[in-house]
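Q: One structure follows; several queries about it will come next.
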Amino acid sequence: MASGDGANGGGGGGQGKLPRKRFYRARAHSNPLSDSHFPIPISPDEVDLSQHYPRYFPSGEGEARQGDAAVPRIRFADVGCGFGGLLVGLSTLFPDTLMIGMELRDKVTEYVKERILALRASNPGKYDNISVVRTNSMKYIPNYFRKAQLSKMFFLFPDPHFKEKNHRRRVISMQLLDEYAYVMEVGGIIYTITDVEELGEWMRSCLEKHPLFEAIPEEETKADPVVKLLSTATEEGQKVARNGGQTFQAIFRRISLQE
Amino acid sequence: MEDAAVEEAEVSGGAAEFAPALVAAHPLGRSVAVAVGPELRVFDLKASSAVSLSDNSGGGSHSDAIRAISFSANGALFASAGDDKLVKVWKTDSWCCIRTITSEKRVSAVAISNDGTYVTFADKFGVIWLVTMGESGGEQEPTDNKPVSIFGHYCSIITSMKFSPDGRFIATADRDFKIRITSLPKKPLRGAHEIQSFCLGHTDFVSCIAFTCLSEGPSFLLSGGGDSTVRLWDYINGCLLDTCQVRDKVGELLEPNETEDNNLSVADICPTNDGLLVAVAIQSLNGVMLLACDLIAKKLSFLKVVTTEKCYIPTSLSSSFSADLLWTVMGASNMPNQATSQLCTRLKIIPHFKKDPLAGCDHVPTVLEDSEVPHGEKLLLALQGSLDIAKQEEVLASVLAALKVSMHKMLVKKHYSEERREQRKRGRNDKKIKK
């Protein structure tokens with residue numbers, strides 16, 4: 001299992017420190033409808049960035065710099081980040097961009113935390129721009145991000161929830177796209193990928209129907225370095241590739257409302 | 001442990017059923033409506049008589065607790081909805097029901113757009129539905145006049161829904177501490193997808209919201225919640241302007257043993273037409289708290305409490321724009337051991353509900369005695385359901401006890417202790433099967 005974790009190319013020295021997945025076994029799914037028992041920030045103002053990105057927010061300075069326009073903000077969100085493969089891949093691709101993974105499963109979040117700490121320890125000066133938070137992003141997205149704060153959102157291999165009665169548990173829906181559109185800036189890009197054809201069609205049709213998103217032409221997505229990571233950086237993506245499975249992407253741009 | 005689990009489930013189950021009585025005054029002061037349980041009682045203030053409701057819509061009448069009532073901005077329409085999944089729209093000149101809409105789920109909030117074109121309602125899944133009223137919907141997309149879902153709060157029950165005074169936004173509050181301000185598009189049948197802002201700051205459920213404005217000025221949003229605060233918002237930008245802790249003030253008035261934390265939720269708020277005052281109903285407070293609302297300095301400050309008799313705790317507030325009366329009602333339905341014959345409510349009126357700049361703080365409005373109530377016994381009989389004080393006292397005493405605990409329990413998110421959660425996990429059905 002751990003050998004499939006190809007994105008941890010953190011150099012030989014850190015190998016021993018990296019967390020081992022076998023100690024972080026977790027259920028494959030978690031109920032997004034259940035009421036949560038973890039702390040949730042009341043508003044984006046209460047998100048403590050110094051905890052997540054200590055190099056960008058040396059302790060004690062976090063509060064004082066709030067009003068400063070130059071304060072870096074989280075720009076990318078990986079919703080349902082799983083074991084964090086994409087974050088690790090993006091970290092070096094966008095070394096100056098703060099990004100956060102959101103994951104509902106407690107143990108998985110712990111794993112990603114440890115993984116990031118280990119990567120930082122073995123690669124000084126790197127991986128300081130990624131972090132993870134345990135939360136239910138379907139319920140609490142507006143508690144973490146301000147309006148138009150994000151420039152990229154990722155939904156990689158989400159739970160398919162096949163039964164119709166469970167479609168409301170899908171992480172992409174018309175209702176939830178309203179909230180994602182709210183936290184994304186105009187021009188921001190939403191990336192979705194799945195190996196389940198039915199879900200792929202569902203996500204595409206939701207995005208196509210939504211008045212605040214438009215499809216990005218294929219030639220443009222081909223030039224986007226991020227797109228390659230979608231199917232290669234994550235554990236799920238690698239598993240699909242190993243099995244020779246197909247993937248279905250939907251990549252859309254946040255636009256302003258045209259009436 | 002087992003016993004404790006059962007007991008907890010029972011208590012919370014009962015509280016979820018609990019339905020407080022509601023009052024709504026016609027914006028132009030023509031009538032007043034009170035809802036308790038499935039009963040809708042209306043009194044015509046112009047004709048000075050109780051209204052007998054008629055129904056041309058072909059739908060049934062309410063058969064379960066009414067959870068939300070609302071007049072349209074000009075008072076021409078009235079909507080009622082609740083646990084029986086019916087949304088009924090009434091014409092207020094004849095008090096005839098012109099539409100009965102069947103919802104798939106129980107309805108927790110209802111509102112009528114300012115021009116009377118749309119009725120919106122929120123169901124138990126947090127989905128907001130919209131129906132076009134009248135025939136003018138013809139130029140819109142072809143519609144079989146079924147409700148369409150326009151947006152939703154993700155699986156959180158909507159506690160209150162209001163249209164902004166300029167009609168550009170819908171505000172919705174939920175049990176997850178959130179208030180969402182959604183732009184109402186020109187063609188809302190395609191959905192309202194653009195979120196203007198979230199008003200985040202409450203640290204418990206939001207129970208009520210109300211728009212307020214100075215005449216001709218910009219409008220603001222007021223909200224009250226389970227965290228015993230009333231908050232003032234710049235809702236366009238989602239900025240919290242001021243917070244008024246009502247707990248501290250109530251704490252001074254109540255005896256120490258009465259101020260257990262969860263009894264001081266804000267039950268309802270009602271601003272004056274001039275935007276200078278806010279009336280606040282607080283669970284466990286026998287009376288109405290008045291806050292001064294300074295929309296220029298953007299401050300809320302405690303003014304005074306209009307106390308009522310010991311056993312009167314209002315569950316709902318309303319005022320009309322024309323008369324300076326604050327209508328308050330107390331009552332509840334769906335309580336354990338409650339017979340339907342006991343759908344008694346108590347109505348009290350606070351006169352001079354406006355901020356008179358000359359009178360200042362010395363002027364203390366008092367609650368009208370029953371004999372001073374406009375239209376007297378006729379009105380009280382129609383809206384309270386009974387004039388028999390002795391019988392009322394008996395019913396209200398039981399309502400009072402339930403109110404103090406249930407109002408909060410009805411809306412609060414359940415919190416389980418660490419041990420209880422572990423116990424529940426161990427008892428999960430999927431694990432049982434494995435064994």
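Q: Kindly provide the set of residues from segment B:386-402 that are over 20 Å from B:A19 (Cβ atoms) and in a loop (DSSP other than H, G, I, E, B), ordered by number.
A: Matches in segment B:386-402: B:L387, B:D388.
Q: Here's a follow-up. Looking at A:F145, A:F157 in this structure, which one is surrounded by 18 or more Cβ atoms within 10 Å (Cβ to Cβ) and modelled with pLDDT of 95 or more?
A: Within the list A:F145, A:F157, the selection yields A:F145.
Q: Sort through A:P72, A:P95, A:P58 and tell me the only one that's surrounded by fewer than 19 Cβ atoms within 10 Å (Cβ to Cβ), modelled with pLDDT of 90 or more, of a type outside the set (S, T, N, Q) and outside any helix (DSSP H, G or I).
A: A:P95
Q: Tell me the residue from B:K124, B:K85 that is out of contact with any Gly (no Cβ under 8 Å at 6 or more places or on another chain), within 14 Å of chain A (Cβ to nearest Cβ) and surrounded by fewer than 23 Cβ atoms within 10 Å (Cβ to Cβ), please.
A: B:K124
Q: Condition test on B:A297, is it modelled with pLDDT of 85 or more, surrounded by fewer than 18 Cβ atoms within 10 Å (Cβ to Cβ) and in a loop (DSSP other than H, G, I, E, B)?
A: Against the criterion (modelled with pLDDT of 85 or more, surrounded by fewer than 18 Cβ atoms within 10 Å (Cβ to Cβ) and in a loop (DSSP other than H, G, I, E, B)), B:A297 qualifies.
Q: Show the residue pairs meeting these rules: Cβ distance below 7 Å; 6+ apart or different chains; first residue within segment A:208-224 and over 26 Å from B:I150 (Cα atoms); second residue surrounded by 12 or more Cβ atoms within 10 Å (Cβ to Cβ).
A: Once the first residue is over 26 Å from B:I150 (Cα atoms) and sits in segment A:208-224, its partners that are surrounded by 12 or more Cβ atoms within 10 Å (Cβ to Cβ) give A:T221/A:V227; A:T221/A:I251.
Q: Please state which of the following conditions A:I172 fails to meet, knowing it meets all the rest: (1) in contact (Cβ under 8 Å) with a residue 12 or more places away in the chain; (2) under 17 Å from A:P95 (Cα atoms).
A: Evaluating A:I172 over (1) in contact (Cβ under 8 Å) with a residue 12 or more places away in the chain; (2) under 17 Å from A:P95 (Cα atoms) leaves (2) as the failure.
Q: I would also like to ask the following. Answer yes or no as to whether A:V71 is free of Cβ contacts under 8 Å to residues at least 24 places away in the same chain, β-branched (V, I, T) and away from every other protein chain (no Cβ under 14 Å).
A: Criteria met by A:V71.
Q: Please enumerate the residues belonging to segment A:168-191 that are more than 12 Å from chain B (Cβ to nearest Cβ) and either at negative phi or among the charged types (D, E, K, R) (or both).
A: Passing the criteria: A:I172, A:E185, A:G188, A:I189, A:I190, A:Y191.
Q: State all residues of segment A:23-47 that are in a loop (DSSP other than H, G, I, E, B), surrounded by 12 or more Cβ atoms within 10 Å (Cβ to Cβ) and away from every other protein chain (no Cβ under 13 Å); if no residue qualifies, say none.
A: The one that is in a loop (DSSP other than H, G, I, E, B), surrounded by 12 or more Cβ atoms within 10 Å (Cβ to Cβ) and away from every other protein chain (no Cβ under 13 Å): A:A26.
Q: Which condition number in (1) assigned to a strand (DSSP E or B); (2) free of Cβ contacts under 8 Å to residues at least 60 places away in the same chain; (3) not polar (S, T, N, Q) is the one that B:E309 fails?
A: (1)
Q: Any idea which of (1) within 30 Å of B:C213 (Cα to Cα); (2) at pLDDT below 90; (3) not acidic (D, E) is the one B:V110 doesn't satisfy?
A: (2)
Q: Taking the residues in segment B:134-174 that are assigned to a loop (DSSP other than H, G, I, E, B) and at the interface with chain A (Cβ under 10 Å from one of its Cβ atoms) as candidates, determine which candidate is modelled with the highest pLDDT.
A: Of everything passing the filter in segment B:134-174, B:H153 is modelled with the highest pLDDT.
Q: Additional query: If a residue must be within 14 Å of another protein chain (Cβ to nearest Cβ) and charged (D, E, K, R), how many such residues does segment A:113-151 contain?
A: So the answer is 3.
Q: Right, another one. I'd like to check which strands (runs of 3 or more DSSP E) are fully inside segment A:122-236 and have at least 2 residues that are over 18 Å from A:G85 (Cβ atoms).
A: Fully inside segment A:122-236 and qualifying: A:150-156, A:184-194, A:213-215.
Q: In segment B:51-82, which residues are over 15 Å from the mean Cα position of the chain (by Cα), closer than 21 Å to B:L380 by Cα and surrounded by 16 or more Cβ atoms within 10 Å (Cβ to Cβ)?
A: Those that are over 15 Å from the mean Cα position of the chain (by Cα), closer than 21 Å to B:L380 by Cα and surrounded by 16 or more Cβ atoms within 10 Å (Cβ to Cβ): B:V51, B:L53.
Q: Still on this structure: Can we say B:G191 is under 17 Å from A:L257 (Cβ atoms), facing another protein chain (nearest Cβ under 10 Å) and in contact with a strand residue (DSSP E or B) (Cβ under 6 Å, 6 or more places away or on another chain)?
A: yes
Q: Still on this structure: Which one is surrounded by the most Cβ atoms within 10 Å (Cβ to Cβ) among residues in segment B:216-251 that are within 14 Å of another protein chain (Cβ to nearest Cβ) and of a type in the set (S, T, N, Q)?
A: Among them, the one singled out is B:S223.
Q: Which one is nearest to the other protein chains (Cβ to nearest Cβ) among residues in segment B:175-188 that are hydrophobic (A, V, I, L, M, F, W, C) and in a loop (DSSP other than H, G, I, E, B)?
A: B:F177
Q: Check whether at least one residue in segment A:227-247 is touching a residue at least 12 places away in the same chain (Cβ under 8 Å), within 14 Å of another protein chain (Cβ to nearest Cβ) and either closer than 22 Å to A:F76 by Cα or under 17 Å from the mean Cα position of the chain (by Cα) (or both), and report yes or no.
A: Checked against the condition, which is being touching a residue at least 12 places away in the same chain (Cβ under 8 Å), within 14 Å of another protein chain (Cβ to nearest Cβ) and either closer than 22 Å to A:F76 by Cα or under 17 Å from the mean Cα position of the chain (by Cα) (or both), segment A:227-247 yields no hits at all.
Q: Sticking with this structure for a sec: Can you tell me how many residues in segment A:98-147 are of a type in the set (S, T, N, Q) and more than 18 Å from A:V183 (Cα to Cα)?
A: Final tally of qualifying residues: 5.
Q: Which of (1) touching a His at 6+ places or on another chain (Cβ under 6 Å); (2) of a type outside the set (A, V, I, L, M, F, W, C); (3) at pLDDT below 90 does A:P211 not meet, given it meets every other one?
A: The number of the failed condition is (3).
Q: Scan segment B:36-50 residue by residue and report those that are surrounded by fewer than 18 Cβ atoms within 10 Å (Cβ to Cβ) and over 20 Å from B:G331 (Cα atoms).
A: B:K46, B:A47, B:S48, B:S49
Q: Still on this model: Among the residues in segment B:197-215, are any surrounded by fewer than 19 Cβ atoms within 10 Å (Cβ to Cβ), in a loop (DSSP other than H, G, I, E, B) and modelled with pLDDT under 90?
A: Within segment B:197-215, one or more residues are surrounded by fewer than 19 Cβ atoms within 10 Å (Cβ to Cβ), in a loop (DSSP other than H, G, I, E, B) and modelled with pLDDT under 90.
Q: Are there any pairs, at least 6 apart or on different chains, whose C-beta atoms fall under 7 Å, with the first in segment B:225-236 and under 18 Å from B:L290 (Cα atoms) and the second among the basic types (K, R), and if so, which?
A: Correct list of pairs: B:S228/B:R247; B:L232/B:K298.
The values are calculated or read from the model by the stated rules, or taken from the named source; none is laboratory data. Keep in mind that what you see is a predicted model, and the values were worked out from it rather than measured. No Cβ is skipped: glycine too gets one built from the backbone with ideal geometry, and neighbour counts run over all protein chains shown.
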